[in-house]
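Remarks on the structure that follows.
The values are calculated or read from the model by the stated rules, or taken from the named source; none is laboratory data. No experiment lies behind these values; they were computed from the predicted model shown. Methodologically, a virtual Cβ is constructed for each residue, glycine included, from the backbone with ideal geometry; neighbour enumeration extends over all protein chains shown. Quick note on the areas: whole protein, heavy atoms, side chains included, nothing else; ligands and nucleic acids left out. Shrake-Rupley method; radii C 1.70, N 1.55, O 1.52, S 1.80 Å.
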Amino acid sequence: MTRTAPLTTDDLSAGAPVHTPAASGEWWRDAVIYQVYPRSFADGNGDGIGDLPGVTAKLDHLRQLGVDAVWLSPFYRSPQKDAGYDVADYRDIDPLFGTLEDFDEMLAGAHERGLKIIVDLVPNHSSDQHVWFQEALAAAPGSDARERYMFREGRGPAGDEPPNNWQSIFGGPAWTRLAPRADDGPLGPQWYLHLFDSSQPDLNWENPEVRAEFEDVLRFWLDRGVDGFRVDVAHGMVKAPGLPDWDGHVSMVEGTVEDGHEQVSDPSDPEDGSTGAGHAGPMFDQDGVHEIYRSWHRVLAEYPGDRCLVAEAWVEPLSRLARYVRPDEMHQAFNFSFLTAPWDAAKLRTVVDVSLDTMDAVSAPTTWVLSNHDVVRHASRFGLAEIGGRQLNGIAATDPQPDAELGLRRARAATLLMLALPGSAYLYQGEELGLPDHTALPAEVRQDPSFFRTDGAEPGRDGCRVPLPWVGGAPGNGFGPTGKTWLPQPGVYADLAADRQYGVKGSTYEMYRTALELRRSEQLGAGALAWVDALSDSPDVVAFRVAGVVVVSNLGAAPLTLPAEAEVLVASGDLDTSSGAVALPSDMTVWLHA
Ligand code: GLC
Ligand code: CA
């Protein structure tokens, strides 16, 4: 029912908790983790590309914001064909980003400030510039060097058809054929598998040498002092035996069969894996991956200080995701069901319920995330009313443009809802400034391989990767000392720059800071969650109690009058006091003591 009568304190009483936090107190169970995308965070040397000294220089921003940890997207040696998710040397820093000394300095600076550091591990594929792949190209078919990757003979009498029909997630075939050489067999040159760009050959995880190498890479970074790893494409790596044909198509961000936006999972049905024919396909979510994570768990356990593994696994439903965080595997997995949920009260309640339930069942913390470097930022997504704010794949200049004001308003409300939820929350750099995507990037500046491999049919992810504005109105809005930025910033970034928001009441930055401070002092991350009974089937309101705080989000059109006695702790925008009482306007969230 739609609610118009003023709320009373009684209305806000909660039912039985649907989730009680785990007793063990590892830091990552309720941590707020901030994603740094190094090339776009801050530029130290003025070449227009962010770098590690840039990160070090901005650590105080992160400490003052109040996050617990930082996850950095890849900074390893790489030809940067997929912005560093194509690693040529897993034990070195790309000169673009600095040196190992710069890394050590950044790590020490973070630790001094009480911030943990999580690095990105990319084990499904390497760069074609990795020494292993170069060796494989130089070696004969059937050699040990080729066994580290997925080389196969082609089909057809001349072997000139790909070994199977798999498609690359970035578009086009998932196989590339080598140039002919004298020792090729009767079927001619071999093909190699690449689930992503042709410059990202998939490694062969059936090969013990590959497994040993990655355990060693883990140790290399653990010995340097990192606190954990975000594991890229954690649902990949092991492929179904025989690499059978599959007619599905996996899209970049959903990890489900793509057939328009309807294919975003329906979190209201936890058992619904059927978003298409065999949603995972033979390249994803194979049972064999779990043995890898068990062995990595054992490696991390040898080190002091609760090091953690975080899965980037686009698998559905959530019950499949929970398998990655069973007690002897990884520690956390990104909750993409929450990220893809539309701005809809019933759907949000369901995804929260199901998420807590499925992760509680394996004693893992639930995670919450709204934005990252692969999806349209939530301040833009929620401004796309016509498709319910669910577009993920990038917005092109020729697409319908988001309503910026509505988007930011809903983004702030969604963030405040998220930051009250128990478990661990992930923030993407710049969301604390309320940044939208650049939604009108000209094709000439785009760099995402998915744009090129689909001939522009997918705009790609550049729009959410635009360099951050630190000083409004300065050249490049203070991204670096020269004003250069590797992607152009949209005009609104000047007004949204960090320095224009520090200390400014009502700014998005101050809302995040206040919420993070309260989240800590009220111990929300480790709190029990109970739904506010009187509103638990409201089409317009999401309301719950965590620890001692009542959270109310108004997704309806009419303002919601709050109980007179309630104490407002933080709100996602200005409350409406025009009628004498305090009312929560449409598309806003408030935290109360009530
Ligand atoms: C993950 C990363 C994405 C990258 C892909 C291939 O999905 O988040 O940015 O392109 O893996 O490594
Ligand atoms: Ca730089």
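Can you say whether L384 is away from ligand 2 (no atom under 16 Å from the Cβ) and farther than 27 Å from V18 by Cα, as far as the supplied structure shows? Considered against the rule, which asks whether it is away from ligand 2 (no atom under 16 Å from the Cβ) and farther than 27 Å from V18 by Cα, L384 comes out as yes.
Does A515 satisfy the criteria of being at pLDDT 95 or above, open to solvent by less than 10 Å² (accessible area, probe 1.4 Å), in contact with a strand residue (DSSP E or B) (Cβ under 7 Å, 6 or more places away or on another chain) and closer than 22 Å to R63 by Cβ? Spelling it out, A515 is indeed at pLDDT 95 or above, open to solvent by less than 10 Å² (accessible area, probe 1.4 Å), in contact with a strand residue (DSSP E or B) (Cβ under 7 Å, 6 or more places away or on another chain) and closer than 22 Å to R63 by Cβ. Pairs meeting the criteria (first residue in the stretch 207-218 and open to solvent by 20 Å² or more (accessible area, probe 1.4 Å), second residue modelled with pLDDT under 95 and of a type in the set (A, V, I, L, M, F, W, C), beta carbons under 8 Å, at least 6 apart or on different chains) are lacking.
Number of residues in the stretch 551-565 that are part of a loop (DSSP other than H, G, I, E, B) and open to solvent by less than 30 Å² (accessible area, probe 1.4 Å): the value is 4. Just so you know, in the stretch 55-64 the residues that are touching a residue at least 40 places away in the same chain (Cβ under 8 Å) and under 16 Å from A108 (Cβ atoms) include one that is nearest to ligand 1 (Cβ to nearest atom), and it is V55.
Let's see how each residue does on (1) under 23 Å from the mean Cα position of the chain (by Cα); (2) farther than 24 Å from T485 by Cβ; (3) modelled with pLDDT of 95 or more:
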residue	(1), (2), (3)
R91	no, yes, yes
D94	yes, no, yes
T99	no, no, yes
D102	no, no, yes
L107	yes, yes, yes
L115	yes, yes, yes
N124	yes, yes, yes
S127	yes, yes, yes
H130	no, yes, yes
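I'd like to know if the stretch 184-193 contains one or more residues that are modelled with pLDDT of 95 or more and either in contact with a His (Cβ under 9 Å, 6 or more places away or on another chain) or within 15 Å of ligand 1 (Cβ to nearest atom) (or both). Looking through the stretch 184-193, at least one residue is modelled with pLDDT of 95 or more and either in contact with a His (Cβ under 9 Å, 6 or more places away or on another chain) or within 15 Å of ligand 1 (Cβ to nearest atom) (or both). Would you mind stating whether A440 is open to solvent by less than 10 Å² (accessible area, probe 1.4 Å) and either modelled with pLDDT of 95 or more or not β-branched (V, I, T) (or both)? Taking the combined requirement at face value, the residue does not satisfy it. Only residues that are part of a loop (DSSP other than H, G, I, E, B) and under 38 Å from the mean Cα position of the chain (by Cα) were counted across the stretch 161-188, and they come to 13.
Is it the case, given these coordinates, that G394 is buried (at least 24 other Cβ atoms within 10 Å of the Cβ) and either in contact with a Leu (Cβ under 8 Å, 6 or more places away or on another chain) or among the acidic types (D, E) (or both)? In short, no.
Okay, residues lined up against (1) assigned to a loop (DSSP other than H, G, I, E, B); (2) farther than 26 Å from C308 by Cα; (3) of a type in the set (D, E):
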| site | (1), (2), (3) |
| --- | --- |
| G383 | yes, yes, no |
| Q391 | yes, yes, no |
| G394 | yes, yes, no |
| Q401 | yes, yes, no |
| L427 | no, no, no |
| E444 | no, yes, yes |
| Q447 | yes, yes, no |
| F452 | no, yes, no |
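Among helices (runs of 4 or more DSSP H) entirely within the stretch 37-145, having at least 1 residues that are within 15 Å of ligand 2 (Cβ to nearest atom) and surrounded by 16 or more Cβ atoms within 10 Å (Cβ to Cβ) singles out 52-57, 100-112.
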